[in-house]
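To start, the structure itself, in structure tokens.
The values are calculated or read from the model by the stated rules, or taken from the named source; none is laboratory data. The model shown is predicted, which means the values in this text are computed figures rather than measured ones. Neighbour counts are summed over all protein chains in view; Cβ atoms, including those assigned to glycine, are modelled from backbone coordinates with ideal geometry. Side chains are part of the model used for accessible areas, which takes the heavy atoms of the whole protein and leaves out ligands, DNA and RNA. Shrake-Rupley method; radii C 1.70, N 1.55, O 1.52, S 1.80 Å.
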Amino acid sequence: MEATLKAEVRGTNTKSERKGLRAKGKIPAVVYGSKVTNTPIAVDEKELLALLRSNPHAIIQMELPDSGKQPVMINEVQRDAILKNVLHVDFHQINMDEPVTTTVRLDFTGEPVGVNMGGILQIQHHEIEIRCLPTHIPASIEVDISGLEIGGSMLISDLKVDPSIEIKSIANDVLVTVLAPQKEDLPADTEEEAEQKAEAQAEATQNHAQETV
């Protein structure tokens, strides 16, 4: 899945310049790769945020003033620790005929048998790491979990993917499991029941004391 993004080369890499760019609705960034030297750039904030929401691992056709259109991928996104605003982005220029390592989303489908029996669905991974040619990167990987029973689980090694895709995540990691239903807590004694139990316990203690005299 490809997207487009226009970049403009920026000058000094100072804190004041980066702050000024953000005030204008631009995000400071850098792009680098075999065909692009390490270049400070700026991209439109709205376009970038839309891309991050739809598919942050997409191949991006980036228009660069000096290099023309180049395929790139997002390598790193730096965010504010509190507000989570995007502060800076690293773009990696890629070659379409060379494999790349990236992350892809998992789409879980079906209602597990175990959930219909009262079990609790627990998803451990929502995405996995893969390696393949850029043109073979899927938008997502479908995972059918309808056959999972209570106590059943699915490992990363159980995933079915195209032979052109190599899964890099740990094979024996659990993707999803169906836990047994939790036992309901017994209802607490009412005040009257508690008093009756206390009285019975006191009477039993008194009788035992009289028997031992």
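Does Gly119 meet the test of being among the small types (Gly, Ala, Ser) and more than 29 Å from Ile156 (Cβ to Cβ)? Spelling it out, it is not the case that Gly119 is among the small types (Gly, Ala, Ser) and more than 29 Å from Ile156 (Cβ to Cβ). Here is the figure for segment 91-105: residues that are open to solvent by less than 50 Å² (accessible area, probe 1.4 Å) and outside any strand (DSSP E or B) total 2. Scanning segment 59-74 for residues that are surrounded by fewer than 19 Cβ atoms within 10 Å (Cβ to Cβ) and closer than 14 Å to Glu47 by Cα gives Gln61, Glu63.
Scanning segment 1-49 for residues that are closer than 15 Å to Phe91 by Cβ, loosely packed, with under 15 Cβ neighbours inside 10 Å and of a type in the set (Ser, Thr, Tyr) gives Thr4, Ser34, Thr37. For segment 1-38, the candidate set comprises residues that are free of Cβ contacts under 8 Å to residues at least 60 places away in the same chain and in contact with a Lys or Arg (Cβ under 9 Å, 6 or more places away or on another chain); within that set, the residue that is nearest to Val72 (Cα to Cα) is Thr4.
Listed by position, the strands (runs of 3 or more DSSP E) inside segment 116-163 whose residues that are open to solvent by 40 Å² or more (accessible area, probe 1.4 Å) and within 26 Å of Ile74 (Cα to Cα) number at least 2 are 127-132. Listed by position, the strands (runs of 3 or more DSSP E) inside segment 1-90 whose residues that are among the β-branched types (Val, Ile, Thr), under 19 Å from Thr102 (Cβ atoms) and touching a Leu at 6+ places or on another chain (Cβ under 9 Å) number at least 3 are 68-79. Scan segment 159-180 for residues that are in contact (Cβ under 8 Å) with a residue 60 or more places away in the chain and under 14 Å from Phe108 (Cα atoms) and the total you get is 3.
One line per residue, one yes/no per condition, for (1) within 30 Å of Ile150 (Cα to Cα); (2) touching a residue at least 60 places away in the same chain (Cβ under 8 Å); (3) of a type in the set (D, E, K, R):
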position: Gly68; (1), (2), (3): no, no, no
position: Pro71; (1), (2), (3): no, yes, no
position: Gln78; (1), (2), (3): no, no, no
position: His88; (1), (2), (3): no, yes, no
position: His92; (1), (2), (3): no, yes, no
position: Val104; (1), (2), (3): yes, no, no
position: Phe108; (1), (2), (3): yes, yes, no
position: Pro112; (1), (2), (3): yes, yes, no
